[in-house]
Amino acid sequence: EKYSAASFDSYVNQLSRSSSITVVSASETSVVVAIGDIAVLFDTNECDSLHALLSAANECSVPVVGHDIKPVLRRFAESGMHLPVIAFDTAVAGYLLDPVDGSHAIDRLVDKYLSVSLPDSVGATSGQLDFGGDETSRGGDAARARAIGILTESMTAALKSSGMLPLYVDVEIPLIGV
């Protein structure tokens, strides 16, 4: 769904029932946020509302995870806003796990770590994840945002088994906001 100021309180209420909130850039001018079963499309001109939602997640101790979240944080910094705490970024984890691979696109990471593919458009076909929700005008961005939570678990296990988890947690995560 498209962000609605009238629905902001319901988004915040959904946080209490969510294990994480996920953020993925849909384009240069929009971001998709998944909170439980809800996927919300924010325009960049709604930066204040997106920031308020991510800050509410931090206040509720709901981890904020994303894919290539640095551009979103840069928008906050350019607007003079404090940066929310980020728990996991799948693009950064993908780079640590395979620095030679030139692409750390969400679709490739989902394929590699979950052995499934994300839908290119509305609806999933055989062998694809279908995370539900309205993807009619989003081209699969809602599915990508929802997939990050599952991908985060698999990539955390891969970082741990490779011995890279301490580097990721102690060095890479704090540098995301820089």
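I'm trying to understand the selection: among the residues of the stretch 134-159, which are open to solvent by 20 Å² or more (accessible area, probe 1.4 Å), of a type outside the set (Ser, Thr, Tyr) and at pLDDT 90 or above?
Glu153, Ala157, Ala158
Does the stretch 136-178 hold any residues that are of a type in the set (D, E, K, R) and closer than 22 Å to Arg74 by Cα, and which are they? Quick ask: steps written out before the conclusion?
Narrowing the stretch 136-178 to residues of a type in the set (D, E, K, R): 138, 141, 144, 146, 153, 160, 170, 172.
Selection gives Asp141, Arg144, Asp170, Glu172.
Go through the residues of the stretch 33-53 one by one and say whether even a single one is within 12 Å of the chain's Cα centre (by Cα) and among the charged types (D, E, K, R).
No: zero hits.
The values are calculated or read from the model by the stated rules, or taken from the named source; none is laboratory data. The structure presented is a predicted model; accordingly, all values stated were derived computationally and were not measured. Note: accessible area is taken over every heavy atom of the protein model, side chains too, but ligands, DNA and RNA are not part of it. Shrake-Rupley method; radii C 1.70, N 1.55, O 1.52, S 1.80 Å.
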